[in-house]
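Here the structure is laid out as structure tokens; the discussion comes afterwards.
The values are calculated or read from the model by the stated rules, or taken from the named source; none is laboratory data. As the structure is a prediction and not an experimental result, all values here were calculated from the model. For neighbour counting, all protein chains shown are included, and Cβ atoms are generated from backbone atoms with ideal geometry for every residue, glycine included. We work out accessible area using only protein heavy atoms, side chains counted, and drop any ligands, DNA or RNA first. Shrake-Rupley method; radii C 1.70, N 1.55, O 1.52, S 1.80 Å.
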Amino acid sequence: MAEAHQAVAFQFTVTPDGVDFRLSREALRHIYLSGINSWKKRLIRIKNGILRGVYPGSPTSWLVVVMATVGSNYCKVDISMGLVDCIQRCLPERYGHFGTPQTEALLSMVIFSTGVWATGIFFFRQTLKLLLSYHGWMFEMHSKTSHATKIWAICVRLLSSRRPMLYSFQTSLPKLPVPSVPATIHRYLDSVRPLLDDEAYYRMETLAKEFQDKTAPRLQKYLVLKSWWATNYVSDWWEEYVYLRSRSPLMVNSNYYAMDFVLIKNTNVQAARLGNAVHAMIMYRRKLDREEIKPVMALGMVPMCSYQMERMFNTTRIPGKETDLLQHLSESRHVAVYHKGRFFKVWLYEGSRLLKPRDLEMQFQRILDDPSPPQPGEEKLAALTAGGRVEWAEARQTFFSSGKNKMSLDAIERAAFFVTLDEDSHCYNPDDETSLSLYGKALLHGNCYNRWFDKSFTLISCKNGLLGLNTEHSWADAPIIGHLWEFVLGTDTFHLGYTETGHCVGEPNTTLPPPQRLPWDIPEQCREAIENSYQVAKALADDVELYCFQFLPFGKGLIKKCRTSPDAFVQIALQLAHFRDKGKFCLTYEASMTRMFREGRTETVRSCTNESTAFVQAMMKGSHKKQDLQDLFRKASEKHQNMYRLAMTGAGIDRHLFCLYIVSKYLGVSSPFLAEVLAEPWSLSTSQIPQFQICMFDPKQYPNHLGAGGGFGPVADDGYGVSYMIAGENTMFFHISSKYSSSETNAQRFGNHIRQALLDIAELFKISKTDS
């Protein structure tokens, strides 16, 4: 227990001569430095709050305005048009040494200048908000930009030219608009037309018309009222009802994963790779706290909302019987680590100093070398987070609400994030097609008890140094964790580096106390609950078929020869592949973002359209001329791109109908139309993984520094989940999931259909690597 004694600042012993106090100077020093560090963070937050609050102004611009006012007054020019004199007359009566007329005049000029400065900031912010509400630029061809859009772009660049902090644009972002009910109904009926026969479509059209005329006007009024009052009329309900109120297991059903660089390898030393990665993550967190990260900008000038980043670290999803709760702490100075059935607490700081990568490597190596066995019930404890939410909530309340169990659970839930030291090795071998799929399965669910699925994310370290993430979904969407992951991989490779032997650079501080084992006292009843959750999770994991592959014939560069967007190309290929796989079309979900609006998250693009189905049917017949097929493809592509733009600009279908449904439940209003719409299964759920959100390196110079993206479990029992990353100019990665228990689906079969569909569409335009 040496580490426990080192954590005590003072001890005392009662003797016949009195009380003998023994102070630990080292412990007191750490407490002092920790306090200093906390105050530094508070001051930085206060400073950032001020700078963010006055953006695009600055203290320097305020000083310039004050100096201009004072200078003009010195030159006998009254630019205030008498307001300075008016302010001076309204000041309290003079008193003491400081009440001279010169002091009052100077104070009046400062007050006037501050008012002018603040008014200017308000005007600029409102102007910027108005400019950012314009989305016409998204619907124009790059070669046919209108004069209005050119003028708009110049104005936006001028108003946002000063270097912004992460949250500088938040108050300037427009609110997500509420679409009109007729527009949403029209787009909905258009989206389901290719999926329904004439009789079913007429029935749905009748339900929609009845809803639009009778029920919707009342619901819409409440929704518009909420949009005026709330920052975003969707996001809070989306987080609560889609994520936090779901009672099914997070593993597979909600959490998703992200992969490491797969074409290069920095080191085989597990602890060293983890030391660099954890250090890079805390560097990112420090930048996040100081708002030093640049906001993501579309076209390099249109800011995206950054609010989801606030809960990236120090966040845990706490289970409840009816609804879960997201617990976010302002600070955490440790990570929780799992290895061979044991839980550890690893401090990230020594006093106020962040541990260097070599120190962290040493700490993780100490855990790897620790021979102690798991305590009774400890090994599969994390299976509680992989099973049903109600069962976990009950077990948490019964067995983890007091004593050492509560203390140890707090150490996990209050950690910056969770780390897993796996005992298996994984890698991507292009000659072994199953290698990428096995790696994906390990990240998606592991062995069902070596991931803490409630944490905002779990950093997974394979035995051979390969890394990965398993991410809880409620706090943010994939582009947010992708931003962190790009920073970590780039920093690890290009800034921190390794020695020739594969260890972190530098010398370790061997005087650091070792990681702390977390103690548990798990009774037999709790072990039964753990085992029950494990069996639920194992059945779920065993039912998941995951097929991951790299598509090598071509990538984004050659797709552009079709004069279409790469995303539309892939989505149309998915429709062709699905029809070949199942012989029918299905309701298709593609996630798009609404982060051009304040607190925006996602919207659905319904990729199965009249135009895409017409192209697929023509391809299946095989009797159409190539020119006709090209025309049909371009129509389908243009329709998809237009739908994607509508979704990004707040004119989607599904979030509006979802919110109308929530309002109807609050009001106790029954709507057969909404009930049917919300019950429709997404048999094909798709998502494109973003990349290169941060310019950490030149991808042309380092073409093999590619992550393989990530994936998620199937949304429907008889459907597919497809995640894809258009990785640079020459390749793509696909992650396809389905369930073994469904006789309709087979992930590998569908993957082969996707390959062939991409090649068949490319053949229409004679795309191949030889054309490049």
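Sorted by mean Cβ packing within 10 Å, highest first, what order do the peptides 465-474, 374-383, 280-289 take? Kindly include the intermediate steps, with their values, before the conclusion.
Working: 465-474: 23.9, 374-383: 21.1, 280-289: 18.7.
Ranking the peptides 465-474, 374-383, 280-289 by packing returns 465-474, 374-383, 280-289.
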Q) What GluC sites (Glu not before Pro) in the stretch 485-557 are in a loop by DSSP, with at most 15 other Cβ atoms within 10 Å of the Cβ? A) Glu500
Q: Normalising by the residue count of the chain, find the relative contact order in percent from Cα pairs under 8 Å and 6+ residues apart.
A: 17 percent
Q: Quickly work out the Lys287-to-Leu196 label distance, labels modelled 7 Å from Cα along the C-beta direction, and quote it in nm with one decimal.
A: 4.9 nm
Q: Mind checking which lysines have their Cα closer than 18 Å to the Cα of Lys345? Skip sequence neighbours fewer than 8 apart in that chain.
A: Lys356, Lys380, Lys404, Lys406, Lys455
(Q) Please list, in order along the stretch 745-750, the HN-Hα scalar couplings obtained from phi with the Karplus expression 6.51 cos²θ - 1.76 cosθ + 1.60 (θ = phi - 60°), rounded to whole Hz, x for Gly and Pro. (A) 10, 7, 4, 5, 4, 5
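In deg cm²/dmol and to the nearest 500, what is the mean residue ellipticity at 222 nm of the chain if only DSSP H runs of at least 4 residues count, each as -39500 (n - 2.57), divided by the residue total?
Values: 23 runs with 337 residues, N = 772.
After summing the helix terms and dividing by residue count, I get -14000 deg cm²/dmol.
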Q | Integer Hz, Karplus 6.51/-1.76/1.60 couplings in order for the stretch 290-297, x for Gly and Pro | A | 8, 6, 8, 7, 6, x, 5, 10
Q.
What whole-number distance in Å separates the alpha-carbon centres of the stretch 341-388 and the stretch 141-202?
A. 46 Å
Q) To the nearest 0.05, what FRET efficiency results for Trp39 and Lys321 with a Förster distance of 60 Å applied to their C-beta separation? A) 0.90
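Please list, by residue number, every one of the GluC sites (Glu not before Pro) in the stretch 298-377 that is coil in DSSP and has at most 15 other beta-carbon atoms within 10 Å. Don't jump to the answer; show the numbers that get you there.
Working: sites: Glu310, Glu322, Glu331, Glu350, Glu361; in loops: Glu322, Glu331.
Passing sites in the stretch 298-377 are Glu322, Glu331.
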Q) Can you list the HN-Hα couplings for the stretch 227-239, worked out from phi with the Karplus curve (6.51, -1.76, 1.60; θ = phi - 60°), rounded to whole Hz and with x for Gly and Pro? A) 5, 6, 8, 8, 5, 8, 6, 10, 4, 5, 5, 4, 5
**Q.** For the stretch 261-390: relative contact order, % (alpha-carbon pairs under 8 angstrom, 6 or more apart)
**A.** 27 percent
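Please list 128-135, 314-321 highest first by mean number of surrounding beta-carbon atoms within 10 Å per residue.
Numbers: 128-135: 17.4, 314-321: 20.5.
The packing order, highest mean first, is 314-321, 128-135.
Using DSSP to call loops (not H, G, I, E or B), can you name the trypsin sites (Lys or Arg not before Pro) in the stretch 609-717 whose Cβ has at most 14 other Cβ atoms within 10 angstrom?
Filter output for the stretch 609-717: Lys625, Lys700.
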Q: Identify, among Tyr167, Val110, Trp39, the residue whose Cα sits farthest towards the positive end of the charge dipole of the chain, taking +1 on the Cβ of Lys and Arg and -1 on the Cβ of Asp and Glu, with the dipole about the Cα centre.
A: Val110
Q. Which length gain, in nm to one decimal place, applies between Lys214 and Val505 when the Cα-Cα distance is subtracted from 0.36 nm times their residue separation?
A. 97.8 nm
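Can you give me the % of accessible surface on the chain that is carbon or sulfur? Probe 1.4 Å, all protein chains present, nothing else counted.
Values: 20060 of 35050 Å².
The value for the chain is 57 percent carbon and sulfur by accessible area.
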Q.
Could you order the peptides 237-248, 104-115 from most to least packed, using the average number of other C-beta atoms within 10 Å per residue?
A. 104-115, 237-248
(Q) Run the reach check for Lys463 against lysines, Cα to Cα strictly under 19 Å, same-chain hits fewer than 8 apart removed. What comes back? (A) Lys265, Lys340, Lys441
(Q) For the pairs Lys294/Lys556; Lys214/Lys635; Lys129/Lys287, flag any whose C-alpha to C-alpha distance is greater than 31 Å. (A) Lys214/Lys635
Q) Can you list residues whose amide H is under 5 Å from Tyr349's amide H, if they're 5+ apart or on another chain and H is modeled 1.01 Å from N? A) Leu355
Q) Under a 5 Å amide H to amide H cut-off, with H placed in plane at 1.01 Å, what residues pair with Thr686 once short-range neighbours are removed? A) Tyr589, Glu590, Ala591, Val722
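Where does the charge balance sit around Arg333 when Lys and Arg score +1, Asp and Glu -1, over other residues with C-beta under 13 Å from its C-beta?
Surrounding charge for Arg333 is +3.
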**Q.** Which labelled figure in (i) 174; (ii) 239; (iii) 186 is volume of the Cα convex hull per residue in Å³, once derived from the coordinates
**A.** (ii)
Q: Please tell me the relative contact order of the stretch 37-130 in percent, rounded to the nearest whole number, where contacts are Cα pairs under 8 Å and at least six residues apart.
A: 37 percent
Q) Amide H of Arg245: which non-local residues (sequence gap of 5 or more, or other chain) have their own amide H closer than 5 Å, using H built in the peptide plane? A) Asp324
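Please report, in cubic angstrom per residue, the volume enclosed by the convex hull of the alpha-carbon atoms of the stretch 145-234.
Details: hull volume 15.1 nm³, N = 90.
Given the Cα convex hull of the stretch 145-234, per-residue volume reads 168 Å³.
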